[in-house]
Amino acid sequence: MDPKNDLVTKSTKIDAEQLYREAESISTLWMANDDDGICLFRGEVIESDSPGSGRSDNPEIKPFIRVDGQIEIRKTLYIEDSTCEAAEIGFIAIEDKDNLATLRLQINDVEIFRPPSHISEPESLQYTKLAWSRWYYVNIPRETLRLGQNDICFSSVDGKVGWQLMVADYREFNKGKDEEDSLPTDSHFSVDSGKSWNRERGEYVIRCLLDRHLPAGQLLSRVFDCTDQQNDPVRTEANIESLIFDWNICESAGGDIDFYFRTGSTEILRDDTWSSWEKCGRNKLINGPLGRYVQTRAEWKTTDLLNSPKLISVEFKACFCRESHGDYRIADYRNPQILRSSYEMHFENPATPALQKLRTECELDSVVVGAQTEFEMIQRLHRWAYHIPLNNERSLHTPWDPNEWIDIRRDKDCNILMNKYEKRRRDKM
């Protein structure tokens, strides 16, 4: 054999901590600092209000409704599988100062009571001392939930005044979307103690929280160099002859993890230099042609929501011919690790009229003039956003259009006036 083209076998083992930390993307999986493996995320929220929840910039839309007198509200949540270790009802509400009213919850006709916070949570100052809205949680017996439709009714014991619950108005549901979605119809109200019901103007922010694993998850690993030269200053050429994959998992009774791989001739993922995904078997020889760079994808699935398969480690062995180019000496090199978020960011189109107006009226081109890099431009715009005055009328919430809350004022020389802060924090969010 030509000594310049030695056949080499290289084994690369990646433990769960490294896989989780360096993953290209992770979906519905979890690994805590003291865990020895990656599992399906535990905890599921059943809801239908999130697209429209929050405060609106439309003064006609009131985000809270009172629950007192003969008023009752009903939220219907649909659960495909009611299996869980424990369950809670979560809702956003405001309590009146010195509230004396007890909320009555009826979950599928089972009654549960939530007394005023100064009685039920006297040590929790976030409930008793702060006046704005917040999340409340009420434990419910898991047996009260059932497959399919679950009705959750709220009313005030003896009709006493003291509680306001949040409603996500239907007019807010499709803001920021290219296409309108069909609206849910899960919320109704009664003004005669439940004798008759009417459809609400939105969805109550009432949710069911289930202690169980999600049914599926996925991890996309970072790209690995099969020759294990990713940290070398100079990489030698190599032809990958074969690959073998192995893994260490703890299977649950109703779950498993499937593994897939793809290879490429370039470290950067490109359609023209990378293969398509293939499912790989454990300890099965995969012959070439193969690229020197490999990426794996692991897919979790379980039918037992109380248990999850756990990934401990993944290992692959590559057999390759390494081509030598003679002796050389490294005088200096800079090859820093490139870090990027596993979350795919989506940005607004800068050509939209609102952003063009913001750019022109706030003279943002002059803010970034002279910046040497894109990162320096970002820093300058961040500094500008921190110091630009905001409209006092918009102190409670942020409208969708930034032009509505920027407060442009100019000095005698027509320069835009900026706020100055002696302390770290600015005046508004």
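The values are calculated or read from the model by the stated rules, or taken from the named source; none is laboratory data. Because the structure is predicted, anything quoted here is derived from the model rather than measured. We place every Cβ from the backbone using ideal geometry, glycine too, and count neighbours over all the protein chains shown. To get the accessible areas, we keep the full protein, side chains included, count just its heavy atoms, and leave off ligands, DNA and RNA. Shrake-Rupley method; radii C 1.70, N 1.55, O 1.52, S 1.80 Å.
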Is it the case that some residue within the range 13-21 is within 30 Å of Ile152 (Cβ to Cβ) and of a type in the set (S, T, N, Q)? no
Please find, within the range 69-94, the residue that is farthest from Pro141 (Cα to Cα) out of those that are open to solvent by less than 30 Å² (accessible area, probe 1.4 Å) and touching a helix residue (DSSP H, G or I) at 6+ places or on another chain (Cβ under 6 Å). Cys84
Hey, does the range 105-115 have a residue that's open to solvent by 20 Å² or more (accessible area, probe 1.4 Å), touching a helix residue (DSSP H, G or I) at 6+ places or on another chain (Cβ under 9 Å) and of a type in the set (Asp, Glu)? yes
Answer residue from the range 29-47, given it is small (Gly, Ala, Ser) and at negative phi and is nearest to the chain's Cα centre (by Cα) among those: Ala32
Criterion violated by Glu24 - all others in (1) more than 30 Å from Glu315 (Cβ to Cβ); (2) surrounded by fewer than 18 Cβ atoms within 10 Å (Cβ to Cβ) satisfied: (1)
List, please: which pairs have Cβ atoms under 9 Å, are six or more places apart or on different chains, and start with a residue in the range 363-377 that is touching a residue at least 24 places away in the same chain (Cβ under 8 Å) and end with one that is surrounded by 10 or more Cβ atoms within 10 Å (Cβ to Cβ) and among the aliphatic types (A, V, I, L, M)? Glu363/Ile416
Filter the range 223-243 for residues that are of a type in the set (D, E, K, R) and in a strand (DSSP E or B); which is nearest to Asp15 (Cα to Cα)? Asp225
Considering only the range 409-427, state which residues are open to solvent by less than 90 Å² (accessible area, probe 1.4 Å), modelled with pLDDT of 90 or more and not acidic (Asp, Glu). Cys414, Asn415, Ile416, Leu417, Met418
Within the bounds of the range 262-273, is there any residue that is surrounded by 18 or more Cβ atoms within 10 Å (Cβ to Cβ) and touching a Cys at 6+ places or on another chain (Cβ under 6 Å)? no
Of the criteria (1) closer than 24 Å to Ser53 by Cα; (2) surrounded by fewer than 17 Cβ atoms within 10 Å (Cβ to Cβ), which one Pro141 fails: (1)
Of Val234, Val223, Val205, Val294, the only residue that is under 27 Å from Leu7 (Cβ atoms) and touching an Asp or Glu at 6+ places or on another chain (Cβ under 7 Å) is Val223
For the range 244-276, name all the residues that are farther than 22 Å from Leu214 by Cβ and not in a strand (DSSP E or B). Ser265, Thr266, Glu267, Ile268, Leu269, Arg270, Asp271, Asp272, Thr273, Ser275, Ser276
Considering only strands (runs of 3 or more DSSP E) wholly within the range 48-152, the ones with at least 3 residues that are under 26 Å from the mean Cα position of the chain (by Cα) are 72-79, 87-95, 134-140
Answer residue from the range 50-59, given it is farther than 17 Å from Gly90 by Cα and touching a helix residue (DSSP H, G or I) at 6+ places or on another chain (Cβ under 9 Å) and is surrounded by the most Cβ atoms within 10 Å (Cβ to Cβ) among those: Ser56
Within the range 250-272, count every residue that is under 20 Å from Leu219 (Cβ atoms), more than 28 Å from the chain's Cα centre (by Cα) and hydrophobic (A, V, I, L, M, F, W, C). 0
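If you scan the range 186-213, which residues turn out to be surrounded by fewer than 21 Cβ atoms within 10 Å (Cβ to Cβ) and either in a strand (DSSP E or B) or within 32 Å of the chain's Cα centre (by Cα) (or both)?
Of everything in the range 186-213, those that are surrounded by fewer than 21 Cβ atoms within 10 Å (Cβ to Cβ) and either in a strand (DSSP E or B) or within 32 Å of the chain's Cα centre (by Cα) (or both) turn out to be His188, Phe189, Ser190, Asn198, Arg199, Glu200, Arg201, Leu209, Asp211.
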Those residues of the range 184-202 that are closer than 21 Å to Leu77 by Cβ and touching an Asp or Glu at 6+ places or on another chain (Cβ under 8 Å) come to a total of 9
Considering residues of the range 154-184 that are touching a Leu at 6+ places or on another chain (Cβ under 7 Å) and assigned to a strand (DSSP E or B) only, the residue farthest from Arg134 (Cα to Cα): Ser156
Would you be able to say whether some residue in the range 96-104 is of a type in the set (A, V, I, L, M, F, W, C), free of Cβ contacts under 8 Å to residues at least 60 places away in the same chain, buried (at least 19 other Cβ atoms within 10 Å of the Cβ) and under 21 Å from Gly194 (Cβ atoms)? no
The range 144-182, residues that are under 17 Å from Ile61 (Cα atoms), open to solvent by 20 Å² or more (accessible area, probe 1.4 Å) and not aromatic (Phe, Trp, Tyr): Gln164, Arg171, Glu172, Asn174, Lys175
